[in-house]
Amino acid sequence: MKSSTLLWFRQDLRLTDHSALFAALERGAPIIPVFIWAPQEEGDWAAGAATCWWLHHSLQSLAQSIINCGSRLIIRNGSDHGSLTQLRILIEETNASAVYWSRRYEPLIIKRDTHIKETLRAEGLEVRSFNAALLTEPWDIQNNSGKPFQVFTPYWKNSAAKLFVPSPVKVPNKWPAPNSWPATENVNALKLTPIVPWAENFKLSWRPGEQGAMENLTLFLSTVAKDYTEGRNIPSIRGTSRLSPHLHFGEISPRQIWHIALMYRGTQFMAELGWREFAHHLLFHFPHTPKEPLRADYNRFPWREDAAQLRAWQRGMTGIPLVDAGMRELWATGWMHNRVRMVVASFLVKNLRINWLHGARWFWDTLVDADLASNTLGWQWSAGCGADAAPYFRVFNPVTQSLKFDPNGLYLRRWLPELAKLSNKEIHAPWECDVATLNKANVRLGAEYPKPIVDLKVSRVAALEAWKTIRQLTK
């Protein structure tokens with residue numbers, strides 16, 4: 001029998017449709033599953049507090065699934081010496097001759113993985129990486145000029161026309177194990193859960209892990225998918241799949257979702273998978289975009305710095321109900337409805353004219369589905385400075401959006417109980433109510449609920465004037 005294979009888990013925390021695991025099984029040697037915690041290798045985009053909470057619970061779930069297969073997950077802390085050092089230690093301890101892993105696509109991780117692969121191969125090991133996260137590799141899709149796409153519709157049309165999605169692969173429930181196991185850390189030793197019990201309520205909304213992912217997918221397809229096109233815009237109902245954190249951590253593969261969704265003819269939902277693919281396509285080809293706008297002229301945009309207004313936005317205390325409801329949902333659940341994400345982002349970068357990077361950072365720390373590719377694309381789209389971006393002059397009006405997509409105020413009342421007694425019409429813009437109406441509803445603006453920190457109409461005009469300055473500079 002060949003000497004053992006190290007199977008390095010990263011953001012592929014599942015056993016089903018796992019190409020690296022399947023290849024390790026085909027190799028026929030004992031498999032040693034490994035997870036290495038090395039956040040310093042992520043640079044400025046190390047996992048935020050919400051994703052660390054998710055990772056803690058996902059690792060616990062994965063470890064149990066691996067035990068059920070007669071194996072065990074070896075956890076090592078690489079915070080001091082890094083992943084390569086930990087892999088070398090494990091190779092020596094286990095006499096491993098191969099290391100397999102699933103690819104990641106963040107710029108720093110690509111650089112790290114390339115170095116590790118070259119180093120270990122030079123030392124005589126077999127090293128292989130596999131696609132576990134995407135339907136199509138980012139480098140496989142090009143426009144007619146041989147360049148990356150920057151607009152979603154032609155990208156997805158081109159990609160979908162070429163797309164061949166193999167059926168998901170199941171793996172045996174028993175794996176070859178080594179005669180002896182190396183030492184392992186307990187997941188608790190990684191200290192991934194927040195010291196302040198801010199995320200305790202997350203468990204009311206989420207079940208991290210592969211089984212939780214399949215339960216979410218089953219629930220979506222059985223109760224939500226048939227009305228997805230309309231329901232996905234209504235924040236008061238469960239109208240979306242809520243699969244994004246499971247996809248980010250690789251607890252379910254896009255191939256699994258694709259093949260199940262095919263049975264439901266979920267064209268719009270499949271396009272959402274395409275948007276995720278597009279995000280990774282952009283991040284791979286434009287690795288500077290997590291910190292810099294894709295459209296270089298926006299480097300000259302006259303952003304404002306206002307710590308008090310930024311803090312009000314983060315806390316859901318702007319005085320604009322739909323914005324505040326979204327930000328409170330985020331804080332309480334680690335997630336926010338996608339329609340509301342667009343509204344709160346537009347409010348920050350246009351009505352407040354605060355740099356999109358401040359919003360990207362806050363989302364990164366508080367979203368359980370924080371993903372570098374999707375987060376970057378979403379914020380640059382909102383700010384008008386990225387690929388396929390919403391034009392800067394498109395400013396979402398939170399009141400109009402609220403009236404259209406939450407006409408009965410159900411979403412607003414859930415997250416803003418201090419406004420609950422206002423009528424369905426009044427709750428969307430309480431500052432327009434007269435004093436008698438506010439008193440009747442026990443609402444005191446500036447006390448229980450803040451007055452608007454900015455005038456929506458005036459700030460929209462100011463945003464358009466600021467946008468004109470960079471247009472003039474680029475002429």
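Read-outs: derived from the displayed coordinates by stated rules, not from any lab. Predicted model, so just to flag it, every value in this text is computed and none were measured. Because the Cβ atoms are built from the backbone with ideal geometry, glycine has one as well, and the counts that use them run over all protein chains shown.
Here the residues 354, 427, ranked from fewest to most Cβ neighbours within 10 Å of their Cβ, fall in the order 354, 427. For residue 203, the aspartates and glutamates whose Cα comes closer than 15 Å to its Cα, not counting residues fewer than 8 places off in the same chain, are 215, 329, 369. Please give me the summed charge of the neighbours of residue 126: other residues whose Cβ is under 13 Å from its Cβ, Lys and Arg +1, Asp and Glu -1. The answer is +3. The ranking of 460, 311 from fewest to most other beta carbons within 10 Å of each one's beta carbon is 311, 460.
Counting charges near residue 394 (Lys, Arg +1; Asp, Glu -1) among other residues having Cβ under 11 Å from its Cβ returns a value of +2. Taking a straight line from the alpha carbon of residue 291, these aspartates and glutamates sit under 12 Å away, with near neighbours fewer than eight places off in the same chain left out: 44. Counting only alpha carbon atoms, the long axis of helix 456-474 and the longest principal axis of the chain meet at about 60°. For the listed peptides 64-73, 343-352, a ranking on the average number of other beta carbons within 10 Å per residue, highest first, reads 343-352, 64-73.
Of the labelled figures (1) 27; (2) 16; (3) 10, only one reflects percent of Cα pairs over 45 Å apart as derived from the coordinates, namely (2). Taken along the Cα-to-beta-carbon direction at a fixed 7 Å, the label points for residue 421 and residue 157 span 5.6 nm. Between 0 and 90 degrees, the angle of helix 372-383 with respect to the longest Cα principal axis of the chain falls at about 20 degrees.
Once the Cα atoms are used to define both axes, helix 356-366 deviates from the longest principal axis of the chain by about 60 degrees. Pairs with C-alpha atoms separated by more than 19 Å, drawn from the list 111/170; 350/468; 404/425, are 111/170.
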